[in-house]
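Heads up: the structure comes next, in structure tokens.
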Amino acid sequence: MSIPSKQFTAAVIGGGPAGLMAAEQLSLGGVAVTVYDGMRSVGRKFLLAGRGGLNITHSEPLARFLGRYGRSQPHLAPLLHPFGPDDLRRWVHDMGIETFVGSSGRVFPTEMKAAPLLRTWLKRLRAAGVQFQMQHRWLGWADDGALRFDTPDGEKLAHADAVVLALGGASWPKLGSDGGWVPLLQARGVEIAPLLPANCGFDLAWSDYFRQKFAGEPVKTVVLHYQDFHQRGEFVITETGVEGSLIYAASAGLRDELLANGKATSPAPCHLDMLPDRTEAQIAQSLAKPRGSRSMASHLQSRLRLKGVKAGLLRELAPAAIFDNPNKLAATIKRLPLPLIAPRPLAEAISTAGGVTFAALDEALMLRALPGVFCAGEMLDWEAPTGGYLLTACFASGRAAGLGALAWLRGDLAAGG
């Protein structure tokens, strides 16, 4: 049974996918919802992330999908079982937006863009009575429990019967996700794991020659090895180090090891297989053939088709002495050390690790220290690789927080969970 219209009010702070999904669930339950956002319009990060093609979710089986969340899987599985990848696709289809599965298994809107989906969604929310207050930066609570906002017209207060916080992480400060909510919640006794870069690039100590010659170049068809991580793919050389899909996929473990050991003394022990389609013996046999008057660069290109940025990497990272030893050179080509120094700053990362711990939340995503206040999206302490996993969990956690707030208003949820 729905709550009578306008009987209860809810404030959703943060207008990204998690916040908008929470607003949708509350409005469907008859609650008067106002969405507050510090920017001039909602969904800024959503639109930017979808500019090159909106990767909504992934089509792989749910068990494998859930495994992408690593240590956070036990906490996210209860949110994704009722609203997983297939449910998200159906929700998108219900708004008249068709999707397709790409060759990688990733799911995209037919038009590839985020804007049509966001426009349709906002139209539906407004038709349901959801109100929007832009350029309202949340400042915490007043002494009487009112929500404080910094606005172009000065500080304003707002009251709500339930609150959903969906303020994002801290990896996109220009778009509003700056982590400014951390001290506000810590002051109220909420446990928060330190915010860290996720799906991030890393620094390396390139020589000036290598940096100037190869920055911006993609390194294709290699395998990155790090502990139990072994994945084929590609990445990009940057002015400061490396970035790209293959690096992002391993970034959680690499980041944690670098931060634990100290960036200056313990480069992360990872390496590259530069020619994954050839064995070490085959490479050594090719290199052992006489090169005559040809340079080593010509020899590598003619015998192994190793050239350009790959040859540059080999020269940059391998000891000079091994180039005269076919066996040692072959072994290095199959296991080229990639001495990462440190993750790039959080503001440059695609997403954020850390945040409100699940121990600080009950099963409905309500803060144990603040009854009636719920959290969703990247504010929570989880991370996932790119490929649709980030967005799917944001939608699912926003839905769960909205339903949790609805249950709270109905009296079906006890304080403290």
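Here the stretch 190-219 is the region considered, the condition is being among the charged types (D, E, K, R) and surrounded by 13 or more Cβ atoms within 10 Å (Cβ to Cβ), and the residue that is farthest from the chain's Cα centre (by Cα) is 213.
Quick grid of which residues meet (1) in a loop (DSSP other than H, G, I, E, B); (2) at pLDDT below 95; (3) loosely packed, with under 15 Cβ neighbours inside 10 Å:
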{"position": "299", "(1), (2), (3)": "no, yes, no"}
{"position": "316", "(1), (2), (3)": "no, no, no"}
{"position": "321", "(1), (2), (3)": "no, yes, yes"}
{"position": "347", "(1), (2), (3)": "no, yes, yes"}
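So, of the residues in the stretch 52-66 that are within 14 Å of the chain's Cα centre (by Cα) and of a type in the set (S, T, N, Q), which turns out to be modelled with the highest pLDDT? The extreme case among them is 57.
Of all residues in the stretch 45-74 being among the basic types (Lys, Arg) and surrounded by 14 or more Cβ atoms within 10 Å (Cβ to Cβ), which is nearest to residue 151 (Cα to Cα)? Among those that are among the basic types (Lys, Arg) and surrounded by 14 or more Cβ atoms within 10 Å (Cβ to Cβ), it is 45.
When we screen 352, 279, 357 for residues that are closer than 30 Å to residue 72 by Cα, β-branched (Val, Ile, Thr) and surrounded by fewer than 17 Cβ atoms within 10 Å (Cβ to Cβ), the only hit is 357. I need the full set of residues from the stretch 41-63 which are farther than 19 Å from residue 91 by Cβ and part of a helix (DSSP H, G or I), in order please. Hits for the stretch 41-63 are 44, 45, 48, 63.
Conditions (1) at pLDDT below 95; (2) of a type in the set (S, T, N, Q); (3) surrounded by 14 or more Cβ atoms within 10 Å (Cβ to Cβ), marked per residue:
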site	(1), (2), (3)
115	yes, no, yes
127	no, no, no
139	no, no, yes
151	no, yes, yes
156	no, no, yes
160	no, no, yes
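Looking only at residues that are of a type outside the set (Asp, Glu) and part of a loop (DSSP other than H, G, I, E, B) in the stretch 352-371, which one is nearest to the chain's Cα centre (by Cα)? Across the stretch 352-371, the extreme among qualifying residues is 357.
Answer yes or no as to whether residue 348 is outside the structural domain of residue 184 (by TED's automatic domain parsing) and among the acidic types (Asp, Glu). Full working, then the answer.
Working: outside the structural domain of residue 184 (by TED's automatic domain parsing): yes; among the acidic types (Asp, Glu): yes.
Against the criterion (outside the structural domain of residue 184 (by TED's automatic domain parsing) and among the acidic types (Asp, Glu)), residue 348 qualifies.
Do the conditions hold for residue 143, that is, is it surrounded by fewer than 14 Cβ atoms within 10 Å (Cβ to Cβ) and part of a helix (DSSP H, G or I)? It is false that residue 143 is surrounded by fewer than 14 Cβ atoms within 10 Å (Cβ to Cβ) and part of a helix (DSSP H, G or I). When we screen 162, 193, 215, 249 for residues that are touching a strand residue (DSSP E or B) at 6+ places or on another chain (Cβ under 7 Å), over 18 Å from residue 138 (Cα atoms), in contact (Cβ under 8 Å) with a residue 24 or more places away in the chain and assigned by TED's automatic domain parsing to the domain that holds residue 361, the only hit is 193. The set of residues in the stretch 84-108 being crowded, with 17+ Cβ neighbours inside 10 Å and under 19 Å from the mean Cα position of the chain (by Cα) consists of 84, 85, 88, 106, 107, 108. Scanning the stretch 28-44 for residues that are touching a residue at least 40 places away in the same chain (Cβ under 8 Å) and either surrounded by fewer than 23 Cβ atoms within 10 Å (Cβ to Cβ) or outside the structural domain of residue 388 (by TED's automatic domain parsing) (or both) turns up 28, 29, 32, 34, 38, 39, 40, 41, 44.
For the stretch 372-392, the criterion of being at pLDDT 95 or above, surrounded by fewer than 22 Cβ atoms within 10 Å (Cβ to Cβ) and part of a loop (DSSP other than H, G, I, E, B) is met by at least one residue.
Modelled with pLDDT of 95 or more and of a type in the set (A, V, I, L, M, F, W, C): does that describe residue 42?
Answer is no for this residue.
The values are calculated or read from the model by the stated rules, or taken from the named source; none is laboratory data. All values reported here derive from a predicted model rather than from experimental measurement. Cβ atoms come from the backbone with ideal geometry, glycine included; neighbour counts cover every protein chain shown.
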